[in-house]
Amino acid sequence: MHVEIGEKHPKTLLNKGTGFLVDYSHSLNPYTGCSFGCSYCYVRQMPVSLFRSQQWGTWVDIKKEAAKLLRKELSRAKAKGKVTIFMSSSTDPYQPIEFKEEVTRSLLTVMVEDPPDFLFVQTRSPLVTRDIDLLQKLEDKVRVSMTIETDRDDIRKAFSPVAPPIQARLKALERLKEAGVPTQATIAPLLPSSEAFPDRLVPLVNRVCVDDYFMGDGSGGKRTRSLGISKRYEELGLLEWYHPDAYKIVLERMGQVFSADQIYVSQNGFAP
């Protein structure tokens, strides 16, 4: 799919943490738009997408001179108190354009020089492993949260065909673990998975977060319902997985290999 690349010169990068991210002082998005274009993405129903004529997933705006701006804003924010950053809430910081543009890497470089109290990196891209050198320098002030909604790549292809393959994400978690970077596997939004899913995760992480459309789209599932995602479940004959209680299936399976203090549900799993 062709992705239209634009540029933005933002006046601000650090946004106040609100709603689902109220546990953070700030959220940070290196890009506007996301070329992964996952069918269930709640951002499709947010103003950033709705006020744009192009379809979500077909456009990305690069935030120019982002590092220079963050350097100023971070220093100012730290002077006022504790700074905890969620990166990113409405884009993937390691989507394909990052390979060339390195906006996220430039922001990490700034944060290595002047560390926030905590940085949470949310991605579904193995490209995050490129920045292991910087992530290691943040030590225990960072956590990389790798989205792995399912262990079934056929399901991944049905819901997010442009997103990286599941096996590549598992390999990225392995590399991060070997490098000593704090990580978690984030099953969000939860998609149909196999009984073997927990066994694939347990050698790679000591922390998992389970979230679904009903808890995690910021509107009790309304945004997701308006996307018509239930039709995909129906087509696949998996409608029982599109239910407010479906997460309990995965929670129970995870509980067989992970201890209770290693399993987090929804917002708690994203908190600093």
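The values are calculated or read from the model by the stated rules, or taken from the named source; none is laboratory data. As the structure is a computational prediction, the values presented were derived from the model and not from experiment. Cβ: placed from backbone, ideal geometry, glycine included. Neighbour counts: every protein chain shown.
Annotation: of all residues in the stretch 219-267 being polar (S, T, N, Q) and modelled with pLDDT of 95 or more, the one that is surrounded by the most Cβ atoms within 10 Å (Cβ to Cβ) is Gln262.
Go through the stretch 21-58 residue by residue and tally those that are hydroxyl-bearing (Ser, Thr, Tyr), at pLDDT below 90 and not in a loop (DSSP other than H, G, I, E, B). So that I can check it myself, show each step before the final result.
Within the stretch 21-58, the subset hydroxyl-bearing (Ser, Thr, Tyr) is 24-25, 27, 31-32, 35, 39-40, 42, 49, 53, 58.
Filter once more, so that each one left must be at pLDDT below 90: 39-40, 42, 49, 53, 58.
Still in the running and not in a loop (DSSP other than H, G, I, E, B): 42, 49.
Qualifying residue count for the region: 2.
Only one residue in Lys64, Lys82, Lys68 is at pLDDT 95 or above, farther than 18 Å from Arg143 by Cβ, in contact with an Asp or Glu (Cβ under 7 Å, 6 or more places away or on another chain) and of a type in the set (D, E, K, R). Which one? Quick ask: steps written out before the conclusion?
Details: Lys82 fails: farther than 18 Å from Arg143 by Cβ; Lys68 fails: in contact with an Asp or Glu (Cβ under 7 Å, 6 or more places away or on another chain).
Being at pLDDT 95 or above, farther than 18 Å from Arg143 by Cβ, in contact with an Asp or Glu (Cβ under 7 Å, 6 or more places away or on another chain) and of a type in the set (D, E, K, R) holds for just one of Lys64, Lys82, Lys68, which is Lys64.
Only residues that are hydrophobic (A, V, I, L, M, F, W, C) and in a strand (DSSP E or B): list them for the stretch 63-97, please. So that I can check it myself, show each step before the final result.
From the stretch 63-97, those hydrophobic (A, V, I, L, M, F, W, C) are 66-67, 69-70, 74, 77, 79, 83, 85-87, 97; that's our starting set.
Hits for the stretch 63-97 are Ile85, Phe86, Met87.
Can we say Val162 is within 14 Å of Asp92 (Cβ to Cβ), touching a residue at least 12 places away in the same chain (Cβ under 8 Å), buried (at least 20 other Cβ atoms within 10 Å of the Cβ) and of a type in the set (A, V, I, L, M, F, W, C)? It is false that Val162 is within 14 Å of Asp92 (Cβ to Cβ), touching a residue at least 12 places away in the same chain (Cβ under 8 Å), buried (at least 20 other Cβ atoms within 10 Å of the Cβ) and of a type in the set (A, V, I, L, M, F, W, C).
Return the residues of the stretch 98-127 that are assigned to a helix (DSSP H, G or I) and among the hydroxyl-bearing types (Ser, Thr, Tyr); say none if nothing qualifies. Let's see the steps before the verdict.
Of all residues in the stretch 98-127, those assigned to a helix (DSSP H, G or I) come to 98-101, 103-113, 126-127.
Listed by number, the residues that qualify are Thr104, Ser106, Thr109.
Any residue at all in the stretch 181-204 that's among the β-branched types (Val, Ile, Thr), surrounded by fewer than 18 Cβ atoms within 10 Å (Cβ to Cβ) and over 21 Å from Tyr24 (Cβ atoms)? Yes: the stretch 181-204 contains one or more residues that are among the β-branched types (Val, Ile, Thr), surrounded by fewer than 18 Cβ atoms within 10 Å (Cβ to Cβ) and over 21 Å from Tyr24 (Cβ atoms). Of everything in the stretch 129-155 that's β-branched (Val, Ile, Thr) and within 16 Å of Ile187 (Cα to Cα), which residue is surrounded by the most Cβ atoms within 10 Å (Cβ to Cβ)? Result: Ile148.
One residue stands out among those in the stretch 253-271 that are polar (S, T, N, Q) and touching a helix residue (DSSP H, G or I) at 6+ places or on another chain (Cβ under 8 Å): the one that is farthest from Val121 (Cα to Cα), which is Gln256.
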